[in-house]
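Data first, discussion second: the structure below is written as structure tokens.
Taken together, the values in this text are just the output of simple stated rules run on the coordinates, not laboratory data. Because the structure is a prediction, the values reported are computed rather than measured. Backbone-built Cβ (ideal geometry, glycine too); neighbour counts: all protein chains shown.
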């Protein structure tokens, strides 16, 4: 099937826009790669320090002929998704030895849980943690003793930060090893209803806690289709996982076998062998376009509209939100996974999952088939799924049809003809809205604005019963320069209550919503942000605002709007406590949300 016209056109536009920056990046990587195996350039003293604790691997490391794999791990046991990584280094070292290689933990990176910090001050560090992760991975790999890298990370900012590092060290191969989703617990829609009932004051905190613990109950990724699981999808669509690796549960023989296979593959694709596959060749404009197609076809997390441009910039590829919007318009929504449906990621995987979806999108001409991946040349490898046969791992053709059309449908008969994202622009700036879970009755909201400078103020107004008419709730000074651009997901239950009461309600913010954004229409990532004097800082209570996902507009309908001076806000309360003072330089130097809100790229 020839490549879809829109996909081809957008890819070419990205390629043209990125020509200079991409060439600069490739030239830098080429200079580094030409120097050859890195350990050969270390002094004997340098090497002795690096190998001192390596026991039986010392001889192979000192000889320098066997590949040495650096493990960059985001392990901690507070994140359920990352707890399984505790045992990975031992398994990886054993697999590397059997493959004639060695492996060392190069370093750890921080990994915070947005589920823990949601609605809390710590969330103001969340987006910046992506850049810290990239920096920490850079420190780990700067020892210059590695021929390939294995990246152990799953959740929201962790994978994007690791991809930025992988691109920066693009002269060595990068294989990402996931941990998989936890087994299914309390259905996500039931958990959501309990949250709404608590927000409405109908049940006790004890009942809420029981529901939350029944939903988040064991090791692995949370089972809803939020940012963490969207990351895993991206790693397959972009060719950084092995095929079928994303959604295999932790603690299973197949999960361990995939970890071993990932290690073997990393050893096989270094510059010391005949199948050299540096990360720089995997991470080109086609891979990022494929990732955006996957984002739209699955109705994935809005957070990736920020993360993908940041990841791409690290590889010299320049993305714009117009690319997301046009690809969304050309990509059918093929999946219904909570919050876009009732199924969780385990159900999605059982229905055919990514192997079926990638195959169908390739057949429809909506993906670049000729990308380079860590598994080999061509995305068609990712239409296969792994199985254990007599204790050995083998890949077989994935399902040729959906096994549950209530969860997964072909591109020719999708849930919606377009993907899950809309670009919004107008006299309030530019933003995005995830519409895949929003009823069409709420795609256009025009109402008076209520303007807030803090999400806590919204909750106070709700508890006081102040929302009695159709309202556009504006929460500003929530952008990256103001306070690190926290997610405002804790507003979702109470705004959903207002929708259920029959009101037309929308959220407009220069902040973020969760990857689990649901039925509330939300114009998010509005840029320029209020802290830089963006138009959103000129809004007043009572202004009539139109949020229109159908026409793609975001506008205030007041004649004097353009002549107003922007308001300012005292943001000092956001800048101290719980480590926030350490991030002053990040807030001062962060880029706009439309460019990925990056600090290090």
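Brief remarks follow.
- Percent RCO, i.e. relative contact order, over the chain, from Cα pairs under 8 Å lying at least 6 residues apart: 15
- Extension gain, residue 116 to residue 208, is 31.6 nm, computed as 0.36 nm per intervening residue step minus the present C-alpha separation.
- For region 144-196, a/c is not less than 1.5, where a ≥ b ≥ c are the root eigenvalues of the C-alpha gyration tensor, and a/b tops b/c. That puts it in the prolate class.
- DSSP bridge orientation in the chain - percent antiparallel, rounded to nearest 5: 45
- Acute angle (nearest 10 degrees) that the helix 227-237 long axis makes with the longest principal axis of the chain, alpha-carbon atoms: 50
- Cα centroid separation, region 177-239 to region 65-124: 22 Å.
- One Cα centroid belongs to region 155-174, the other to region 463-514; the line between them spans 33 Å.
- Label zone at residue 15 (point 7 Å along Cα-to-Cβ), backbone N below 16 Å, region 256-283: 281-283
- Classification of region 202-332 by its C-alpha gyration tensor yields an oblate form. The axis ratio a/c (a ≥ b ≥ c) is 1.5 or more, and b/c is at least a/b.
- For 356, 276, 51, order by how many other beta-carbon atoms lie within 10 Å, fewest first: 276, 51, 356
- Taking other Cβ atoms within 10 Å as a rough exposure proxy, 586, 128 sort from fewest to most as 586, 128.
- Only Cα pairs under 8 Å and 6+ residues apart enter the sum, and on that basis the relative contact order of region 343-386 stands at 36 percent.
- Degrees, to the nearest 10: 126-141 long Cα axis against longest axis of the chain: 10
- Its residue count N fixes a reference of 2.2 N^0.38 Å for region 421-595, and the Cα radius of gyration divided by that reference is 0.97.
- Folded to 0 to 90 degrees: helix 5-17 orientation relative to the chain principal axis, Cα: 80
- Fraction of antiparallel bridges per DSSP, region 421-595 only, in percent to nearest 5: 55
- Counting other Cβ atoms within 10 Å as a rough exposure proxy, the listed residues 44, 113 run 44, 113 from fewest neighbours to most.
- Alpha-carbon centroids, region 310-352 and region 541-568: separation in whole Å: 29
- Judged by the ratio a/c of the largest to the smallest principal axis of the C-alpha gyration tensor, region 344-413 counts as oblate, that ratio being 1.5 or greater while a/b is no larger than b/c.
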